[in-house]
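First up is the structure itself, then whatever we jot down about it.
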Amino acid sequence: LPLRRSPGFHDLRALWEVRKIINDVEIVVFHSSKAIMLGKFGLKSIRRSRRPHSIALPHSWSWNVGGRMAPLYKILDRGVRKWVDVVVCVSQFEEDQGREVLGEFPSVIIRNAVNVHHFRPVEKNVRSGNCQLLIVGRLCPQKGQDFFMPLMTEIDGASLTLVGDGPDRKTLEDSVHLLDLESRVAFLGECDALQHYGQADILVMPSRWEGLSLVLL
């Protein structure tokens, strides 16, 4: 079900669609804070005898991404935290962070994993000269590309490749222009990061928060 990240009147239609979906299934999985919130209200609107089993995967709690709305998100999450059967956290840190705000709730930890048959180390020849830096991730405040970009002016002899796309792309591109870094910074958009991991000398992770980063794994 397509969802917009920012709250708005469009969520009322999304809630109606969620309610129709969960009426016809035995198990429902809500992934990400927005889906969880709509899913919880959808579950509550259905008779208890008809509700499916429910699993919530926050993949970073709502108040982490809420900005000025964070206090409201905390209140809403506290109010509805027991409306799902179990919350799946990707790390002990994520579970602890949730309990600190929400109190006790039914949970289990299933840590993020990596396909080691696909992502394997590659043999590289040591080379001199330009150091290749790599950032992989959605172009958004959470991932912190805006925090790292000014630091590029202080790193001599380095080029930066960004894999991923998102709402901050235009702002980041403007920043690169203002800092006169066009010749050293490349935006590749969404693509398979595999080959770029192998070509990079250093993986940079300036994220402001993570649960258990798949990029790092």
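The values are calculated or read from the model by the stated rules, or taken from the named source; none is laboratory data. This one's a predicted model, so the numbers in the text were calculated from it and none came from an experiment. Glycine also receives a Cβ, built like all others from the backbone with ideal geometry; neighbour counts cover every protein chain displayed. We work out accessible area using only protein heavy atoms, side chains counted, and drop any ligands, DNA or RNA first. Shrake-Rupley method; radii C 1.70, N 1.55, O 1.52, S 1.80 Å.
Summarising the amide proton neighbourhood of VAL86: residues at separation of 5 or more, or on other chains, whose placed amide H is nearer than 5 Å comprise SER54, ALA56. Here the accessible area of the stretch 1-129 is 56 percent carbon and sulfur, with a 1.4 angstrom probe and all protein chains present.
If one computes P(r) from the Cα atoms of the stretch 114-217, what percent of pairs lie at distances over 22 Å? In whole percent, the long-distance tail amounts to 30. For the charge dipole of the chain, defined by +1 on Lys and Arg C-beta atoms and -1 on Asp and Glu C-beta atoms about the Cα centroid, which residue among VAL87, VAL18, LEU216 has the Cα displaced farthest towards the positive pole? The listed residue farthest towards the positive side: VAL18.
Backbone amide hydrogens, once placed in the peptide plane, bring GLY166 within less than 5 Å of LEU139, excluding anything fewer than 5 places away on its chain. Each residue was assigned an accessible area with a 1.4 Å probe, and for SER49 the value is about 100 Å². Applying a length cut-off of 24 Å (Cα extent along the axis) and a mean Kyte-Doolittle floor of 0.0 to the DSSP H helices of the chain leaves no helix. Sequence-ordered 3J(HN,Hα) estimates for the stretch 200-216 from the Karplus curve with 6.51, -1.76 and 1.60 and θ = phi - 60° stand at 7, 8, 9, 8, 9, 10, x, 4, 7, 7, 8, x, 8, 5, 5, 4, 5 Hz, glycine and proline given as x. The 1.4 Å probe gives accessible areas that order TYR197, TYR73, largest first, as TYR197, TYR73.
In this view, the solvent-accessible surface of ARG19, computed with a 1.4 Å probe and all protein chains in place, comes to about 80 Å². Annotation: per residue accessible area for the stretch 45-93 equals 58 Å², rounded to a whole number [probe 1.4 Å, protein chains only]. With a cut-off of 15 Å between beta carbons, the residues surrounding VAL114 carry a summed charge of 0, where Lys and Arg count +1 and Asp and Glu -1. Between the C-alpha center of the stretch 29-44 and that of the stretch 150-216 there is a gap of 32 Å. For ALA158, the shell of other residues with beta-carbons less than 9 Å away shows a net charge of -1, using +1 for Lys and Arg and -1 for Asp and Glu. Annotation: amide H of CYS131 within the under-5 Å range of ALA158, SER159, sequence separation 5 or more or interchain, hydrogens built in the peptide plane.
Of the GluC sites (Glu not before Pro) found in the stretch 61-104, the ones in coil according to DSSP and having at most 14 other Cβ atoms within 10 Å of their Cβ are GLU104.
Find, to one decimal place in angstroms, the Kirkwood hydrodynamic radius of the stretch 1-110, where the mean of 1/r is taken over every pair of different Cα atoms and then inverted.
14.1
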